[in-house]
1. Could you work out the relative contact order of the chain? I mean the mean sequence separation of Cα pairs under 8 Å and 6+ apart, divided by the number of residues, in percent.
2. Among residues other than residue 79 whose Cβ falls under 15 Å from its Cβ, what is the net charge (Lys/Arg +1, Asp/Glu -1)?
3. How many nm separate the modelled label positions at residue 13 and residue 43, each set 7 Å beyond the Cα in the direction of the Cβ?
4. Going by average Cβ neighbours within 10 Å, how do the peptides 63-76, 44-57, 17-30 rank, with the highest at the top?
5. Once the convex hull of the C-alpha atoms of the range 76-122 is built, how many Å³ does it hold per residue, rounded to a whole number?
6. Using the Cβ atoms and a cut-off under 15 Å, what net charge is assigned to the surroundings of residue 23, where Lys and Arg are +1 and Asp and Glu are -1?
7. Based on the Cα coordinates of the range 17-93, what is the per residue volume of their convex hull in Å³?
8. Taking the Cα atoms only, what angle lies between the long axis of helix 7-22 and the longest principal axis of the chain, rounded to 10 degrees?
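The values are calculated or read from the model by the stated rules, or taken from the named source; none is laboratory data. All of these numbers come straight from a predicted model, not from anything done at the bench. In this analysis, Cβ positions are derived from the backbone assuming ideal geometry, glycine residues included, and neighbour counts consider all displayed protein chains. All accessible areas refer to the heavy atoms of the entire protein, side chains included, with ligands and DNA or RNA removed. Shrake-Rupley method; radii C 1.70, N 1.55, O 1.52, S 1.80 Å.
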Amino acid sequence: PEWAGTAPLRRARVMFRFVRNEVRYLHDIWSVDTYQHPLRTLEMHGGDCDDVSILIASLLLSVGYPVKFRVIRSTDSDDWNHILVLVGLPPTRPGKWMSLDASVKHDAGWYPPKHIIAATRDFEVR
């Protein structure tokens, strides 16, 4: 698309890379699903997929990007077991939703392989 090399895409990628580089993946303690405030994630330099997703969404929302959370149930699970952020581009009138999954060491736009996904559900964030 015509906006592919524009500042909004670059800004979204910069915010994503910041989180991916500054926050390492940490499992929840005692396997109890917890959610931490974005500032706490930055203070700890760590969190799991929901913590980094909350942080990325907060950063993007603060500068006007539309975001959604996508929850995923993998084929080897009976429960929803992953979450990532979808960012709308261009921000003023999204024509595309790019995935941002900072819990893995992949670039912006990477998405889990279809063969491991049993179901997905999106939640708009305001």
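1. 25
2. -4
3. 3.4
4. Per-residue Cβ counts within 10 Å, averaged per peptide and sorted highest first, yield 44-57, 63-76, 17-30.
5. It comes to 90 Å³ per residue, whole-number rounded.
6. Spelling it out: positives minus negatives among the neighbours equals -2.
7. Value for the range 17-93: 103 Å³ per residue.
8. 30
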